[in-house]
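*Asks:* Encoded as structure tokens, here's the structure I'll be asking about.
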């Protein structure tokens, strides 16, 4: 019900303002960050269980 309500509200403002829908970037960024953290966790935990000391340092994107 809540999702349907949000869709209706979004459609209302899109039609009212006569502009194209834009995906909320903040939600996309949060989902991407969560996905990356999950992937790192899935990689690090098995290595620690095997007795390795794992330290990760993020690198800058080019």
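Computed from the coordinates by the stated procedures, all read-outs in this text should not be read as laboratory data. None of the values given here were measured: they were computed from a predicted structure.
*Asks:* Using the Cα gyration tensor of segment 22-62, with a ≥ b ≥ c the square roots of its eigenvalues, what is the shape: rounded (a/c below 1.5), prolate (a/b larger than b/c) or oblate (neither)?
*Replies:* Here segment 22-62 falls in the oblate category.
*Asks:* By how many degrees, between 0 and 90 and to the nearest 10, does the Cα long axis of helix 2-17 differ from the longest principal axis of the chain?
*Replies:* Helix 2-17 sits at roughly 50 degrees to that axis.
*Asks:* If the elastic network links every pair of Cα atoms under 10 Å, which of 11, 30, 42 fluctuates the most in the Gaussian network model of the chain?
*Replies:* 11
*Asks:* What value, in deg cm²/dmol to 500, does the helix sum -39500 (n - 2.57) over DSSP H runs of n ≥ 4 give at 222 nm once divided by the residues of the chain?
*Replies:* -23000 deg cm²/dmol
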